[in-house]
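What follows is one structure encoded as structure tokens, with my remarks underneath.
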Amino acid sequence: MPDLLLELRSEEIPARMQRKAAGDLRKMLTDGLVEAGLTYEAAREYWTPRRLALDIRGLTPRSKDIREEIKGPSTTAPEQAVQGFLRKAGLSSIAEAHVHSDPKKGDFYVAHISKPGRAAEEIIAELVPGIIKNFPWPKSMRWGPASAKPGSLRWVRPLQSIVCTFGPETEEPVVVDFEIDGIRAGNVTYGHRFHAPGAITVRRFDDYVAKLEAAKVVLDADRRKEIILHDARNIAFANGLDLVEDEGLLEEVSGLVEWPVVLMGEFEQDFLTIPGEVIRLTIRANQKCFVTRPQGAGEDLSNRFILVANIEANDGGKEIAYGNGKVVRARLSDALYFWKTDQGDLPDLDQLRESAAKFDLDLKKPLDQRMARLDHLNVTFHAKLGTQGARVERIKRLAEELAPVVGADPALVVRAAVLAKADLQTEVVGEFPELQGAMGRKYALLQGEHASVAAAAEEHYKPQGPSDRVPTDPASVAVALADKLDTLTGFWAIDEKPTGSKDPFALRRAALGVVRILIENRIRLSLTSVFAKSFANFKGGADQSSDLLAFFHDRLKVYLRDQGARHDLIDAVITPQSDDLLQIVRRVEALGSLLDTEEGKNLLAGTKRAANILAAEEKKKTLVAETVQPALFREEAEKKLFAAVNQAEKEAGQAIQNEDFSAAMLALSVLREPVDSFFEGVLVNDEDQAVRANRLALLARIRTATDQVADFSKIVG
């Protein structure tokens, strides 16, 4: 079976776009080939900064001949129907159709369609130009004289050559001939821009990979990553250091080089007075370099860094390392200035006194000054939701109310809430926004704040994703909940809710954060009461507590399903009024435990049978007695079931009041035997209307008793 090699070579593609672009190319081409009637055994994509490549193995050399029949209307059908049939079948006149007969339906038209197969080269030559012209780059450009013409070729960077060869291993492959905007497909590519810029003639994929490697190009991005990581670890170890690994940076750097050469640079020891996070971000953001730490030195960094070059320099890379070091020193000088400036007094202290008084701030402390400035400058949080200062005031009030609920010291919570956003006015966070929170913690500790206050400055943003840790310090928990709940109620009040895949303010993440904080810290909280207080903070905004609670239910379902809970058990437990998320989780856990037992499975079957009978009779408007009358019992099984329901309902109700959901489930489980006996020995639809109505009322009591803990009708099984 023939194999296909495709390479699209261009100027440097941004690293962040390469992996997805290669995947898009594979999907678009393979989908097109299959749609055209071809099959293939395997396909894999490759990418470097200057090329996207595809290796498609076992591609059929020709699509199959197609013969099909398209059934048309009756021969007596009106002309309009006949014309529609002709258009559908691609016939020019009804004379080209055949007439078939059916004993029942009579004569009708049939089109016999025959499409001969096409050579794979013809299909490829037709597909690839269309894919290139319609490629989904996030951003693309036009270039050269042709760019002035409407509809001219666009690509992420100027496209320079196309390789497209096709053929079996045992024969010389052919070049699939096509042309797009003056670039004609061929079998010639080019190696490394500096080490091997000459033309390379290739035949098929294995030959292509080997010749590129000889021309200082490692085609496989994952192999480039392995080379960089292996060499970086080795060079660090040889210098008594450990590499601080960074998967995101490794992915990016592997997309910047075709021939990775790992080197080591250094900067002055004095810069190590800067926090490690700032050093790491400075070097990462500006020079795409890795930092190192002395072996066994904990979190402390060393003054050596790892860089990845794209060439093998004659001097072993000394000049490259020196040049990178110069840039790193300049950037670290800026970072050191920011770090020291943040610990000094602001020049406009006199203007901050009113804001300081409002939040009870001490203007002798640097972080307090920054919070006062945040309020004084009226920094906008959102056009419809006011300033950051107003938001901090709301978070402070809400966090103080939550403090007793989460077991936190109210004084610490208030202080933590007031300082939580202060680092937004620091120089370091202005330069590196991703350090917000982390710098707040460092600056809080430097000015002698309580450890819980400092922790809350960082942890109130958490969790920022499903794998991020949840805060556990009570002060952090209170401020984190207040921050997220204020955000959610605020955006709900102005009707800025997530829609479909759009969630510009990360409200789903905020709600999931609340869910995780409450459940993983085992905190009981009535969301409805919190919503009422929070919505009251937004004048003119609507109270949308019910809608927001439903949004939380959706996030809780996602969370529980990810934890392995059955969706039907969640639906059975949640009601539109359920506002205690931890209680919902406990009910789901208890219900799952019950249904794992034989008693639970049989009880489910019995109660669902009772509910189905009752629902069917209610739909027929059959009379159901308002209360059960023991005097109308005729069978012993009725009496036993009635007694069991009374007892189970009472015990389950008491257990629910005590919030012992396992005990409630256990109380219901004793219904299993009397329910089974009832259905075995009692005919519900008795001829006597009063008896029938009484028995239906008894079934209604079963439903009422089980509804205390869950809606069994929603459980599958």
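The values are calculated or read from the model by the stated rules, or taken from the named source; none is laboratory data. As the structure is a computational prediction, the values presented were derived from the model and not from experiment. When we count neighbours, we look across all protein chains shown, and the Cβ atoms used for this are built from the backbone with ideal geometry, even at glycine. The area values use the complete protein model at the heavy-atom level, side chains included, leaving out ligands, DNA and RNA. Shrake-Rupley method; radii C 1.70, N 1.55, O 1.52, S 1.80 Å.
Tell me, which residue of the stretch 12-39 that is farther than 21 Å from residue 178 by Cα and among the charged types (D, E, K, R) is least open to solvent (accessible area, probe 1.4 Å)?
12
Could you check the stretch 1-38 and list, in sequence order, the residues that are farther than 28 Å from residue 247 by Cβ, assigned to a helix (DSSP H, G or I) and of a type in the set (Gly, Ala, Ser)?
Once the filter is applied, which keeps residues that are farther than 28 Å from residue 247 by Cβ, assigned to a helix (DSSP H, G or I) and of a type in the set (Gly, Ala, Ser), the stretch 1-38 yields only 32.
Residue-wise test of (1) outside any loop (DSSP other than H, G, I, E, B); (2) open to solvent by less than 40 Å² (accessible area, probe 1.4 Å).
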residue	(1), (2)
248	yes, no
252	yes, no
256	no, no
259	no, no
263	yes, yes
277	yes, no
286	yes, no
291	yes, yes
298	no, no
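Mind listing whichever residues of the stretch 499-528 are farther than 13 Å from residue 488 by Cβ and assigned to a loop (DSSP other than H, G, I, E, B)?
Selection gives 500, 501, 504, 521, 522, 523, 524, 525, 526.
Considering only residues of the stretch 579-604 that are without any contact (Cβ under 8 Å) to a residue 40 or more places away in the chain and either open to solvent by 20 Å² or more (accessible area, probe 1.4 Å) or over 28 Å from the mean Cα position of the chain (by Cα) (or both), which is nearest to residue 553 (Cα to Cα)?
The first filter runs over the stretch 579-604 and keeps only residues without any contact (Cβ under 8 Å) to a residue 40 or more places away in the chain, leaving 584, 588, 592, 596, 598.
Those left that are additionally either open to solvent by 20 Å² or more (accessible area, probe 1.4 Å) or over 28 Å from the mean Cα position of the chain (by Cα) (or both): 596, 598.
Working: 596: 24, 598: 30 Å.
The extreme case among them is 596.
The rows are residues; the columns are (1) at pLDDT below 85; (2) part of a helix (DSSP H, G or I); (3) aromatic (Phe, Trp, Tyr); (4) under 46 Å from the mean Cα position of the chain (by Cα).
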{"position": "631", "(1), (2), (3), (4)": "no, yes, no, no"}
{"position": "647", "(1), (2), (3), (4)": "no, yes, no, no"}
{"position": "674", "(1), (2), (3), (4)": "no, yes, no, no"}
{"position": "683", "(1), (2), (3), (4)": "no, no, no, no"}
{"position": "687", "(1), (2), (3), (4)": "no, no, no, no"}
{"position": "694", "(1), (2), (3), (4)": "no, yes, no, no"}
{"position": "702", "(1), (2), (3), (4)": "no, yes, no, yes"}
{"position": "713", "(1), (2), (3), (4)": "yes, yes, no, yes"}
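Would you mind listing the helices (runs of 4 or more DSSP H) fully within the stretch 378-472 where at least 1 residues are more than 29 Å from the chain's Cα centre (by Cα) and farther than 28 Å from residue 331 by Cα?
388-406, 410-419, 451-459
Determine, yes or no, whether residue 362 is of a type in the set (Asp, Glu), open to solvent by 90 Å² or more (accessible area, probe 1.4 Å) and either touching a Cys at 6+ places or on another chain (Cβ under 9 Å) or assigned to a loop (DSSP other than H, G, I, E, B) (or both).
For residue 362, the condition - of a type in the set (Asp, Glu), open to solvent by 90 Å² or more (accessible area, probe 1.4 Å) and either touching a Cys at 6+ places or on another chain (Cβ under 9 Å) or assigned to a loop (DSSP other than H, G, I, E, B) (or both) - is not met.
Could you tell me which of the residues 169, 213 is open to solvent by 40 Å² or more (accessible area, probe 1.4 Å) and either part of a loop (DSSP other than H, G, I, E, B) or in contact with an Asp or Glu (Cβ under 6 Å, 6 or more places away or on another chain) (or both)?
169
Would you check if there is a residue in the stretch 178-199 being in contact with a Leu (Cβ under 9 Å, 6 or more places away or on another chain), closer than 19 Å to residue 45 by Cα and among the small types (Gly, Ala, Ser)?
For the stretch 178-199, residues in contact with a Leu (Cβ under 9 Å, 6 or more places away or on another chain), closer than 19 Å to residue 45 by Cα and among the small types (Gly, Ala, Ser): present.
Please name all residue pairs, on different chains or six or more residues apart, with Cβ atoms under 7 Å, provided the first residue is in the stretch 309-332 and is under 21 Å from residue 192 (Cα atoms) and the second residue is among the β-branched types (Val, Ile, Thr) and in a loop (DSSP other than H, G, I, E, B).
Filtered contacts from the stretch 309-332: 310/257.
Return a yes/no flag: does the stretch 619-628 have any residue that is in a loop (DSSP other than H, G, I, E, B) and on the phi > 0 side of the Ramachandran plot. Give the steps one after another, and end with the answer.
Initially, the stretch 619-628 is screened for residues in a loop (DSSP other than H, G, I, E, B), giving 620-628.
Among the residues that remain, those that are also on the phi > 0 side of the Ramachandran plot are: 621.
Looking through the stretch 619-628, at least one residue is in a loop (DSSP other than H, G, I, E, B) and on the phi > 0 side of the Ramachandran plot.
From the list 111, 125, 146, which residue is open to solvent by less than 70 Å² (accessible area, probe 1.4 Å), part of a helix (DSSP H, G or I) and at pLDDT below 95?
On inspection, the qualifying residue turns out to be 146.
Could you please let me know if residue 488 is assigned to a helix (DSSP H, G or I), of a type in the set (A, V, I, L, M, F, W, C) and closer than 30 Å to residue 451 by Cα?
Numbers: assigned to a helix (DSSP H, G or I): yes; of a type in the set (A, V, I, L, M, F, W, C): yes; closer than 30 Å to residue 451 by Cα: yes.
Yes: the conditions hold for residue 488.
Of everything in the stretch 447-468, what is open to solvent by 20 Å² or more (accessible area, probe 1.4 Å) and at pLDDT 95 or above? Give them in sequence order.
447, 448, 449, 450, 451, 458, 461, 462
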